[in-house]
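First comes the structure, then the notes that go with it.
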Amino acid sequence: MDFSFSEEQQLLRDSVIRFIRQDYGFDIRQKTVTSSAPFNRHYWQTFAELGWLLVPFGEDDGGLGGSAVDIMVVMEEFGKGMVVEPLLASAILAGGLIAETGSAAQKNDWLQPLMDGRLQLAFAFAEPQSRFDLANVATRAEADGEHFVVRGHKTVVLNGGAADTLVVSVRSGTGVSLLAMDSNTPGITRNSYKTVDGHNAAEIYFDAVRVPRANLLGVEGKALPAVEKIIDRATLAICAEAVGAMESALQKTVEYTKTRKQFGTTISSFQALQHRMADMFIECQQARSILMMAAMQLDAGNGVAPRAVSAAKSRIGKAARKVGQEAVQIHGGIGVTDELDVAHLFKRLTSIQYLFGSTDYHTQRFIG
C-alpha cells in the first residue's frame, strides 16, 4: 500500500508550509486572537486565491478533489501554525453538507461564493442537551405553507458569529432535516465569543424564524446520514490538526531543552527528560499512522470508515493529552504563559479532545 502523497498533494502541502512560515507567525496570529475580529479576513481571501477553499470539494462541485487525504494534508499544517481562520467550520462542515445534500441551484448559490472567499458559512447542530448525539435535536421546524417556522437554541456554533449563512439541523417531518438560512433573518439572535483556543463560536437562538421551503437541503427528515458523514470528515480534519500541533509542540520542547540550563548544563542532557521526549515522539508517530489509516478508509468509502475515524479520534485524543501536558511541564512555568506559543498549542490540543466527541465517546463508538 502506497502511503506517500501525490505530486499535487505535496505541492498543496508545500504552499501551506510556505504561507505559515512567511506570513503566519505567532505574533501575527496573536494580533488576530486578541482583537475583536473573529479571524483575519485578508488571510481568508488569500486562502481563496491559493485554492485552499477548493480542497474539501469534488471536481463536480468546482473543487480540487475533496479527498480525506487532501483535507488531512492542509489541516496538519494548519495545526502546526495554529491557524484560526474557519476552514473547518465554513468549508469542511457547512460547505460539506451543502455539497452532500444540496441541489445544483443551492450549490451555485452557496458553494461558489464560499470557494471564492466571498461567503462565510457555519453548521449549527449542537444543543445544550444533545452532548455528542447527532440525532438528539430539539430545535423544531414547523411547516407553514411555503415556509418552515424554526424555534430552538444551538450552542457552540463554530464560526457562528461571522457566518453569512447558517446550515441548521432541525427536527421536522419524521426525523432530522437541514435548513440553510441567512444569519440576519428576523428572529435569529447570535451571541458570539472567542473560545479558549482563540477560535470563534456563538450561541444562536431561533425565535419563530421563517425559512423558505426552497432552503431545505435534501429530503425532509432524512438528513441524519449526511450529517454523520460530514461530522466524520470534520473529525478526521481535527485529528490531522492535532497531529500537526503535537509535532510542533514536540519540536519546540526539544529546542527549548537544548538552550535551557540547570546545574551548569543544558537540560537536554538529563536522561529523565530524554525518556519523556522519546515518549512524546512515539505518541506523535502512532498518531500519524492511525490518522493515515482513517483517511484512507474514509476515501475508500466502505462500512468500516466510521469505526476507523473513532479509532483515530480515541488514540489521537490520548496522544494530544500526553504530548500537550509533557510540553508544558518540561517548559516549566513559562509553558502556561500567553507569551509562549506552547501554551496555545496546549489549549488547542485540549479543545480538540472534546470536539465532535470526546476521547471516551469515540472509544465506546469504536467498541460498538
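Please determine, by comparing only the residues of region 176-198 that are among the small types (Gly, Ala, Ser) and at pLDDT 95 or above, which one is farthest from Ala94 (Cα to Cα). Within region 176-198, the match that is farthest from Ala94 (Cα to Cα) is Gly187. One residue alone among Met280, Met293, Met246 is open to solvent by 10 Å² or more (accessible area, probe 1.4 Å), of a type outside the set (Val, Ile, Thr) and out of contact with any strand residue (DSSP E or B) (no Cβ under 7 Å at 6 or more places or on another chain), and that residue is Met293. Going through (1) open to solvent by less than 20 Å² (accessible area, probe 1.4 Å); (2) among the polar types (S, T, N, Q); (3) free of Cβ contacts under 8 Å to residues at least 40 places away in the same chain one by one, Ser358 falls short only on (3).
Taking region 316-343 as the range and being of a type outside the set (Val, Ile, Thr) and not in a helix (DSSP H, G or I) as the test, the residues that pass are Asp338, Glu339, Leu340.
Any residue at all in region 253-276 that's under 30 Å from Val157 (Cβ atoms), open to solvent by 80 Å² or more (accessible area, probe 1.4 Å) and in a helix (DSSP H, G or I)?
Taking region 253-276 and keeping what is under 30 Å from Val157 (Cβ atoms), we get none.
No, because not a single residue in region 253-276 is under 30 Å from Val157 (Cβ atoms), open to solvent by 80 Å² or more (accessible area, probe 1.4 Å) and in a helix (DSSP H, G or I).
On the stretch given as region 167-182, residues that are over 11 Å from Ala226 (Cβ atoms) and in contact (Cβ under 8 Å) with a residue 60 or more places away in the chain total 1. Evaluated against (1) open to solvent by 40 Å² or more (accessible area, probe 1.4 Å); (2) in a helix (DSSP H, G or I); (3) closer than 19 Å to Ser103 by Cβ, Ala226 falls short on exactly one condition, (1).
The C-beta contact set for region 211-227 (first residue of a type in the set (A, V, I, L, M, F, W, C), second residue part of a helix (DSSP H, G or I), distance under 6 angstrom, 6+ apart or interchain) comprises Leu217/Thr101; Ala226/Glu100; Ala226/Thr101.
Yes/no per residue for (1) in contact with a helix residue (DSSP H, G or I) (Cβ under 8 Å, 6 or more places away or on another chain); (2) among the acidic types (Asp, Glu):
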position	(1), (2)
Arg321	yes, no
Ile330	yes, no
Asp341	yes, yes
Lys347	no, no
His362	yes, no
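Within region 3-40, restricting attention to residues that are open to solvent by less than 70 Å² (accessible area, probe 1.4 Å) and aromatic (Phe, Trp, Tyr), the residue that is nearest to Ala294 (Cα to Cα) is Phe5. Name the residues in region 94-108 that are part of a helix (DSSP H, G or I) and in contact with a helix residue (DSSP H, G or I) (Cβ under 9 Å, 6 or more places away or on another chain), would you? Across region 94-108, the qualifying residues are Ala94, Gly95, Gly96, Leu97, Ile98, Ala99, Glu100, Thr101, Ala105, Gln106, Lys107.
Quick one: which of Ala48, Ala91, Ala37 is in contact with a Leu (Cβ under 7 Å, 6 or more places away or on another chain) and either of a type in the set (A, V, I, L, M) or over 29 Å from Ala343 (Cβ atoms) (or both)?
Details: Ala48 fails: in contact with a Leu (Cβ under 7 Å, 6 or more places away or on another chain); Ala37 fails: in contact with a Leu (Cβ under 7 Å, 6 or more places away or on another chain).
From the options Ala48, Ala91, Ala37, the qualifying one is Ala91.
If only residues of region 132-166 that are touching a residue at least 60 places away in the same chain (Cβ under 8 Å) and among the charged types (D, E, K, R) are counted, the one that is surrounded by the fewest Cβ atoms within 10 Å (Cβ to Cβ) is Glu146.
For the list (1) open to solvent by 30 Å² or more (accessible area, probe 1.4 Å); (2) in contact (Cβ under 8 Å) with a residue 12 or more places away in the chain; (3) among the acidic types (Asp, Glu), I need the number of the one condition that Glu241 fails. Unmet for Glu241, out of (1) open to solvent by 30 Å² or more (accessible area, probe 1.4 Å); (2) in contact (Cβ under 8 Å) with a residue 12 or more places away in the chain; (3) among the acidic types (Asp, Glu): (1).
If you go through region 180-217 and pick out every residue that is open to solvent by less than 40 Å² (accessible area, probe 1.4 Å), within 18 Å of Thr101 (Cβ to Cβ) and more than 21 Å from the chain's Cα centre (by Cα), you end up with 5.
Among residues of region 24-36 that are under 17 Å from Phe47 (Cβ atoms), those with a Cβ under 6 angstrom from a residue that is of a type in the set (S, T, N, Q) and surrounded by 13 or more Cβ atoms within 10 Å (Cβ to Cβ), sequence gap 6+ or separate chain, pair up as Thr32/Asn40.
The values are calculated or read from the model by the stated rules, or taken from the named source; none is laboratory data. Here the structure is a predicted model, which means the values were calculated and not measured. Cβ coordinates were reconstructed from backbone atoms using ideal geometry, including for glycine residues, and neighbour counts include every protein chain displayed. Just so you know, the surface numbers come from the protein's heavy atoms only, side chains and all, with ligands and any DNA or RNA stripped out. Shrake-Rupley method; radii C 1.70, N 1.55, O 1.52, S 1.80 Å.
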